[in-house]
1. Looking at the stretch 211-243, which trypsin sites (Lys or Arg not before Pro) are DSSP coil and have at most 15 other C-beta atoms within 10 Å of their C-beta?
2. Would you work out which of 209, 103, 249 lies farthest towards the positive end of the dipole of the stretch 96-269, given +1 charges on the beta-carbon of Lys and Arg and -1 on that of Asp and Glu, about the Cα centre?
3. Pairing the Cα long axis of helix 172-201 with the longest principal axis of the chain, what angle in degrees results, from 0 to 90 and rounded to the nearest 10?
4. Suppose every K and R has +1 on its Cβ and every D and E has -1 on its Cβ; what is the size of the dipole of the stretch 33-189 about the Cα centre, in Debye to the nearest 20?
5. Label the stretch 96-269 by shape, choosing from rounded, prolate and oblate, from the square roots a ≥ b ≥ c of the eigenvalues of the Cα gyration tensor; if a/c is under 1.5 it is rounded, and otherwise prolate applies when a/b is larger than b/c, oblate when it is not.
6. Report the chymotrypsin sites (Phe, Trp or Tyr not before Pro) located in the stretch 86-173 that are in a DSSP loop and have at most 12 other Cβ atoms inside 10 Å of their Cβ, or state none.
7. Once each part is reduced to its C-alpha centroid, what is the distance from the stretch 51-95 to the stretch 156-196 in angstrom?
8. From the helices alone, meaning DSSP H stretches of at least four residues, give me the mean residue ellipticity at 222 nm for the chain, per-run term -39500 (n - 2.57), in deg cm²/dmol to the nearest 500.
Amino acid sequence: MLLRYTFQRLLMLIPVSISISIVIFMIVHLLPGDPIDNLLRIGSSPEDREALVARYGLDRSLFVQYFTWIGNLFQGDFGQAIVLRRPVIDLIGQNLPYSLVLGGLAFAFSSIVGMSLGIISSVVRNPIIDRLVRGFILLGSTVPGFWLALLLILFFAVNLRWFPVSGAGGWDSLVLPVLTIGFGGVALVARVTRVALMDARREDFVMLLHAKGLSHNTILFRHLMPHALLPVVTILALRIGWILGGAVTVEFVFGRPGLGSLLIRALGQRDYPVVQGCLLMLALAVMLGTLIGDIAQAAMDPRVREAKT
C-alpha cells in the first residue's frame, strides 16, 4: 500500500514539474533587459547585437526556446552560461555543495533546537519558561532573515570579532549564516511541536497511562512523542526546500559562494540559462521535501495513504 502511494505521488510530480518549468522560463524571459547588454562593447553596432542574439538563439520564438531548453534538460544539458561562458551544470555543481552544507547544518540546528524548545514549553509547568519560549517563537516568526543577518554581522563579526564577516574560509564562517537561516526554522518547529504535544496530552489514552502508574518521561517519549511526531515530521520535510530557498539572500549578505549567490549574480546579468538552472534546482528541492513529507506522513499514519489511494 505504501509502495502504491509512493508511486502515485511520483506520478503527480510530472505535471507539477512541467508547470514549474513553464513558469520559470516565462518569468525569466519576461524580465526587462537581456544578457546581450552585458556582452556588447562600447560602440558596438546594431549588426553586432543582432549577430549575438542569433548566436545564442534569442531571436527565436519563446515557444521554440522553451522546448529547446526542455529537450536539452532531458539529455542532462542545462545549457551554456551566456555571460560566464561556462556550462551551467558546472556552475551549479561548483556552488551547490556550499548551499547543501549550509542548508544541512541549518536544518539540523532548527530541528534539534526547535523540537527541544517545543517539548520544554509543553512539559515544563513554569509560566515564565512558557512565556519565554512563546516570545522566542513569535520573534523568530516575524524577524526577516536579511535583517537578522546584518545584526549578527554587526554584533558578532564587527564588534566582538568572533566570526568572519563574509566568505567560506572555514567552519567558523558557517556559524552566523546557520544561525540566521535556522532561527526562523527553530520558531516554526518549536510552535508545531508544542501544539502537537499539547493536543496529544488531551487524548483519552493519556489518562489511562497515568492510571497505570507510568512515569511522565515514559508517557512523553514512548507514547506522546510518536503520536505528536506526524505534523512535526511533515513540517521538517517541507523545511528541506524552504532552507535552500532562504539561503539565497543569506548567502548574498554573507558573501558566501553557493546557489543563492550564483542566482543573484545571474539575475543581475540576465543570464537566462544560469537563472533557469538555479531556479529549477530550488524548485526540485521544494518538491523533494514535499514528497519526503508526504511519504513519511503516510508511513507513520495508515489513514493518510488509505485516504489518498
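1. In loop regions of the stretch 211-243 (DSSP not H, G, I, E or B), the sparsely surrounded trypsin sites (Lys or Arg not before Pro) are 212.
2. The residue sitting farthest along the positive end of the dipole is 209.
3. So the helix axis and the longest Cα principal axis differ by about 40 degrees.
4. Charge dipole, the stretch 33-189, about its Cα centre: 600 debye, nearest 20.
5. Prolate, since a/c reaches 1.5 and a/b exceeds b/c.
6. Answer by residue number: 162, 171.
7. Value for the Cα centre distance between the two parts: 35 Å.
8. On the way: 12 runs with 225 residues, N = 309.
The helix contribution divided over the chain gives -25000 deg cm²/dmol.
Each value in this text was obtained by applying a stated rule to the coordinates, not by laboratory testing. As the structure is a computational prediction, the values presented were derived from the model and not from experiment. No Cβ is skipped: glycine too gets one built from the backbone with ideal geometry, and neighbour counts run over all protein chains shown.
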